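Enquirer: Structure provided below as structure tokens; questions to follow.
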Amino acid sequence: MNISLKKVYVILYWIIITLIMLYDRRYLSQKVGLGHFVECTVVRVGLLLILAHLNINVLMPRFLERGRTLIYILLIGLAVTIYIFLQQAYDVYLYGFVLGDKDFTIRAASGYLVFTTIWYLILTVIFYRALDWYEQKKQVEILEQEIQQLKENELILSREDESSEMFVKSGTKKIKIDRDAITYVQGLKDYAILFSGREKLIVKGSLKSVEEMFPAGMLVRIHKSYLVARKKVSAVSSGKVMIGNQAVPIGRSYRENVGKIVGDS
């Protein structure tokens, strides 16, 4: 998916969530024309949006998705507690100090407030997961379109013996790439995807045929669907290798090949 288009989807997502929150708190509209309406709306909805953003972009990816469930539960509970405290602190400021309501007293958080807060957190996660699913679906569609175009043309690879440059013919175009810039290769049925930084190139042929296009030992097979450039690997663990910020899985049948990376580094 185009990055700019993805940003548009994310912005639309937060707009929709904001509108839902405003609709649920439509009692605020009854205060239009009264003092502190805008301030009250921004604080109440803004705090809830911050809580939802913290949950989706920080707590879930760093803890829940990494199997650290207990820590996630403790932190999200703490975040909800702080959110409710800030809501009540604002009420104290608005009613007690600004409006001077002598009869105002702060009350303990009701079960309804806790319930609606948790409900909004769940709602935002559902919407965000739906957005991720749609984005992945679009990426698959784009990739399938690229593959379909390649089926109508023979992709010819040629390389110069004493150069690291590689010519790739796709349709009527010839593209020159530096084979030393290739970081890893992913197999996909009868095709292979060559990754070079943020660039990718789809090549017709198996992973074995792609491996033979490179100097011996330059690419290492670590999975039935992946080749990695040995010199591009920055870290190795029991289940994956890291190429910069990109994690590539290690297949059980190819663990011995990982030794070629560690041993030759």
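Enquirer: Sequence-distant or interchain residues sharing an amide H contact under 5 Å with G251, placed H: which?
Expert: Amide H neighbours of G251: H223, K224.
Enquirer: Among I261, P249, G205, pick out the residue whose Cα is farthest towards the positive end of the charge dipole of region 196-265, where Lys and Arg carry +1 and Asp and Glu carry -1 on C-beta, about the Cα centre.
Expert: Checked the options; the winner is P249.
Enquirer: So, taking all protein chains as they sit and a 1.4 Å probe, how much accessible area belongs to R255, in Å² rounded to tens?
Expert: Here the accessible area works out near 120 Å².
Enquirer: For the pair K240 and S206, how long in nm is the line joining their label points, each one 7 Å along Cα→Cβ?
Expert: About 2.8 nm, to one decimal.
Enquirer: Just to verify a number: what accessible area does S234 come out at with the full protein assembly present, 1.4 Å probe, Å² rounded to tens?
Expert: Approximately 80 Å² of S234 is accessible to the 1.4 Å probe.
Enquirer: Oh, and also: Based on the Cβ-Cβ distance of A216 and K176, what FRET efficiency does E = 1/(1 + (r/R0)^6) give at R0 = 22 Å, to the nearest 0.05?
Expert: The computed FRET efficiency comes out at 0.45.
Enquirer: Find how much the distance from T81 to R255 grows on full extension, using 0.36 nm per residue of separation minus their present alpha carbon separation; answer in nm with one decimal.
Expert: Numbers: separation 174, 0.36 × 174 = 62.64 nm, distance 4.62 nm.
Residue separation times 0.36 nm, minus the Cα-Cα distance, leaves 58.0 nm.
Enquirer: Now, a different point. Under the 0.36 nm per residue contour assumption, what length would be gained going from the current alpha-carbon distance of R62 and W119 to full extension?
Expert: Between R62 and W119, full extension yields an extra 18.4 nm.
The values are calculated or read from the model by the stated rules, or taken from the named source; none is laboratory data. This one's a predicted model, so the numbers in the text were calculated from it and none came from an experiment. Heads up, the Cβs are rebuilt from the backbone with ideal geometry, glycines too, and the neighbour counts pull from every protein chain shown. Accessible surface is based on the protein model in full, side chains and every heavy atom, while ligands, DNA and RNA are left aside. Shrake-Rupley method; radii C 1.70, N 1.55, O 1.52, S 1.80 Å.
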